[in-house]
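What follows is one structure encoded as structure tokens, with my remarks underneath.
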Ligand code: BTN
């Protein structure tokens, strides 16, 4: 049964755990394309993801059984498809608030949706939308959070961390999934209830390197120093170049150190 009225807890009430799958996002997309009935809030969790996908066509590496790698089905039919960023904001806030309550240290959002602790990436999000005409039908929320993995492939070693780095003991994957799902539900309800202005304001306070002068790549080839100053309501990054404010989308700008 599909439900958009949220009578009670629904995020993560139906968890399908797959021992091995190429990508949980692809698995869920395939099920939806075949009209398999799946309740909103269903979670597809992978023990081993063999071809996990990340942002901008990258790969998402995760040692089998060590981390949270899952996709969540939401039906944000109440949102204008042009406001996809609002869903990103709600999911980022859920992850950040969950991690801060768990670890008791500051957690940041590296625009637009990387989750960072102490200059290292702990997790990421890949949201893929399914539209019906101009209306939103479903959103596949792919989430990868490093939990118990402590060694990472070359090229990721110095820029990646996990929950274990801060807890100094293994986390229970099932329990962590359940806690994260309740944070997602809380933020998603607020989004549905029209709290986007407050959520955007909270999102801005978590921005990694907010207010700092640093180099950015512009259009992939020019390196320019600017101050990361916030985001617009539709998710464009605001950079202040000597008092001249310019906004960018994800294809136009990048952090120099990534
Ligand atoms: C990123 O930061 O690049 C986004 C990473 C998203 C990874 C998750 S793991 C579960 C889900 N399935 C995928 O193939 N990708 C997402």
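Every number here is computed from the coordinates shown, using simple stated rules; none is lab data. Fair warning: this is a prediction, and the values are worked out from it, not measured in the lab. Cβ: placed from backbone, ideal geometry, glycine included. Neighbour counts: every protein chain shown.
In whole percent, what relative contact order does segment 1-111 give with Cα contacts below 8 Å and a gap of six or more residues? Please report the intermediate quantities before stating the final value.
Working: 137 pairs, mean separation 26.6, N = 111.
Relative contact order here is 24 percent.
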Self-check item: the chain: most fluctuating residue of 147, 21, 246 per GNM, C-alpha cutoff 10 Å
Solution: 246
Quiz prompt | Alpha-carbon centroids, segment 7-47 and segment 179-258: separation in whole Å | solution = 29 Å
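What relative contact order, as a whole-number percentage, does segment 85-223 give when Cα pairs under 8 Å and 6 or more residues apart are counted?
On the way: 166 pairs, mean separation 40.1, N = 139.
Across segment 85-223, relative contact order equals 29 percent.
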Practice problem: Before anything else, pin down the relative contact order of the chain: Cα pairs under 8 Å, at least 6 apart, normalised by residue count, whole percent. | Solution: 17 percent
Self-check item: Length released on extending from residue 157 to residue 132, taking residue separation times 0.36 nm less the Cα-Cα span
Solution: 4.9 nm
Exercise. Would you mind putting 202-212, 43-53 in packing order, based on average other-beta-carbon counts within 10 Å, highest first?
Key: 43-53, 202-212
Quiz item: PRE reach from residue 213 (point 7 Å along Cα→Cβ): which of segment 226-242 fall under 18 Å by backbone N?
Solution: 226-230, 239-242
Quiz item: Counting each DSSP H run of 4 or more residues in the chain as -39500 (n - 2.57), what helix-only mean residue ellipticity at 222 nm follows after dividing by all residues, to the nearest 500 deg cm²/dmol?
Solution: -8000 deg cm²/dmol
Quiz item: How high is the FRET efficiency between residue 105 and residue 15 when r is their beta carbon distance and R₀ equals 30 Å, given to the nearest 0.05?
Solution: 0.60
